[in-house]
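Below: the structure, in structure tokens.
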Amino acid sequence: MKMRFRSWTTLLIAMLAMGLVTGWWAWLGSGTGLGTRSESDAASFESAATSSGAELDARNLSSSSAPKPGKTTVQKRDALLESLRSKLEAATVVPNEALLTFRSEEARDRFAKQAAAYGLEILDSIPQLNTARVRYGRLEDLRDSIAASSGDFANVEGNLWLSIPGAAPLPDPNNQGGRAPFGQGWMNAINATGDRTHWGDNVTVAVLDTGVLVHPTFAEGQITHLDLVNDGQTFNSHGTSVASVIGGQHPQAPGVAPGAQILDIRVANAEGYSVSSTLAQGIITAADRGAQVINISLGGYGNSGILAEAVTYAFQRGAVVVAAAGNDAYGQLAIPAAYEGVISVGSVDANNRQAYFSNAGAGLDLAAPGVGVVSAWGIDKIALVSGTSQSSALVSAAAATYLAWGVPPTGMAARLKADARPALNASGAATGVGILMIKPPSGR
């Protein structure tokens with residue numbers, strides 16, 4: 001009996017001690033705020049406790065660290081990282097750069113405020129497209145920034161390398177190999193004859209290229225210069241050649257539409273290289289400046305959502321966009337020539353054969369002289385030049401001329417195709433519907 005009495009006494013003392021400790025803990029929790037919750041927190045806690053049937057300690061709920069990411073979350077982050085790698089680590093894009101397009105201006109502003117915290121640097125932006133060009137050190141940092149606000153992003157892509165068309169194409173057995181130069185005869189070949197003084201009057205043609213040098217073939221005040229590269233280098237003469245074919249006024253380096261104004265927007269450096277973000281900015285700048293025709297004698301290969309959006313932006317503002325097909329003798333077009341709505345232009349030689357360098361294939365609209373075309377070069381020279389760049393410039397000049405004659409921009413592609421002459425020695429895939437031929441309306 002004495003042993004049983006001691007056991008009950010011990011048990012009673014233990015129960016009293018437990019009650020005192022429990023009461024003290026409840027008082028401490030209410031007095032210090034430890035374990036205090038909002039109504040929503042309390043509801044969540046109650047739900048979790050009910051569903052699990054477990055006794056949860058309020059102290060653990062309030063003081064525990066954030067839960068470790070679950071397996072699904074880790075898998076999503078890994079998948080996002082792999083997706084970014086495939087887009088941003090390709091050889092065709094600028095290393096450690098990303099083009100981020102946001103769903104709204106507010107989303108872009110939120111990103112700008114937090115970018116530095118993730119080790120990201122905003123290099124520039126294109127507000128019209130809600131896009132920012134960003135430099136990152138570690139791809140994981142970019143991944144974490146995107147994952148934290150995934151709903152803010154409409155697109156992520158690499159900054160695609162672009163260039164003026166090269167001069168050393170790869171051999172293509174389907175290419176017709178045309179090499180006969182036009183020389184001074186290229187004007188007659190497209191029916192750009194007679195008095196052309198007013199061809200292109202009151203039309204602005206934007207030349208997105210390597211920059212246009214001061215040259216005697218241009219009239220004073222005919223060229224407006226904008227430099228989006230700003231690298232301090234001497235301009236490559238490629239842009240001068242293209243601009244002279246459009247609007248040159250000197251008899252030795254004439255242009256098809258000498259009445260046109262030239263908006264020179266430099267988007268490529270002295271070596272002829274550019275990137276998709278700079279070209280996109282150039283297209284938007286040209287459209288905002290009121291250019292009715294935008295000539296793009298450069299391009300590249302790959303996907304660029306930002307470039308496609310910039311072209312759409314120009315269309316919506318009534319611009320005609322003309323682009324070179326490329327000089328790689330490929331059976332596909334470079335971008336942006338490959339985009340829907342862009343007038344894509346290949347090259348032929350003086351025998352109406354596809355030029356040995358000219359790209360071809362599905363989507364090619366038409367061809368124009370592109371072998372041995374006379375143009376301005378440097379600050380005081382002329383040269384025989386070859387390429388789809390010059391062919392594109394001829395079509396841009398024709399578009400400026402038709403606009404001056406009252407053809408609407410929405411009907412420009414159809415008009416150019418309708419007036420083109422058949423390329424008897426070339427297939428449709430090689431030259432599109434045919435070769436550029438300007439047909440003035442009666443009385444012109």
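Bear in mind that the values in this text are calculations on the coordinates, not laboratory data. As the structure is a computational prediction, the values presented were derived from the model and not from experiment. Reconstructed Cβ throughout: ideal geometry from the backbone, glycine too, with neighbour counts over all protein chains shown.
I need the phi-derived Karplus couplings for region 395-402: 6.51 cos²θ - 1.76 cosθ + 1.60, θ = phi - 60°, integer Hz, Gly and Pro marked x. Taking θ as phi minus 60°, the curve returns 5, 4, 5, 4, 4, 4, 5, 5 Hz for region 395-402. Sequence-ordered 3J(HN,Hα) estimates for region 215-229 from the Karplus curve with 6.51, -1.76 and 1.60 and θ = phi - 60° stand at 8, x, 6, 9, 6, 4, x, 7, 10, 10, 9, 9, 10, 8, 8 Hz, glycine and proline given as x. Take every Cα pair under 8 Å whose residues are at least 6 apart in sequence, average their separation, divide by the length of region 137-280, and the relative contact order is 32 percent.
FRET efficiency for the pair residue 234 and residue 184, taken as 1/(1 + (r/R0)^6) with r the Cβ-Cβ distance and R0 = 30 Å, rounds to 0.55.
With 0.36 nm allotted per residue and the present C-alpha distance subtracted, the residue 317-residue 191 stretch has 42.4 nm of extension available.
Centre-to-centre, using Cα atoms only, region 203-262 and region 369-444 are separated by 17 Å.
Residue by residue, region 186-191 carries 3J(HN,Hα) couplings of 5, 5, 5, 5, 10, 6 Hz when phi is fed to the Karplus relation 6.51 cos²θ - 1.76 cosθ + 1.60 (θ = phi - 60°); x denotes Gly or Pro.
Cβ-Cβ distance of residue 91 and residue 250, R₀ of 51 Å, FRET efficiency by 1/(1 + (r/R0)^6): the value works out to about 0.75. For residue 87, the aspartates and glutamates whose Cα falls under 12 Å of its own Cα, not counting residues fewer than eight places away in the same chain, are 97, 157.
Taking amide H atoms as placed 1.01 Å from N in the peptide plane, the amide H of residue 370 lies under 5 Å from those of 348, each 5 or more residues away in sequence or on another chain. Database remark: amide H of residue 154 closer than 5 angstrom to the amide H of 101, 102, 103 (H placed geometrically; neighbours at sequence offset of 5 or more, or on other chains; Pro and chain starts carry no H).
Highest mean packing first, where packing is the average number of other Cβ atoms within 10 Å per residue, the peptides 378-389, 349-360, 103-114, 145-156 line up as 349-360, 378-389, 145-156, 103-114. Centre-to-centre separation between the Cα atoms of region 289-346 and those of region 129-167: 21 Å. A simple packing score, the average count of other Cβ atoms within 10 Å per residue, orders the peptides 391-397, 407-413 as 391-397, 407-413, with the highest score first.
Fewest-first ordering of 87, 439 by other beta carbons within 10 Å of each residue's beta carbon gives 439, 87.
Here each label is just a point 7 Å from Cα along the line to Cβ, and for residue 106 and residue 124 those points are 2.9 nm apart.
Spin-label model, residue 418 to residue 154: label points 7 Å out along the Cα-to-beta-carbon direction sit 3.5 nm apart.
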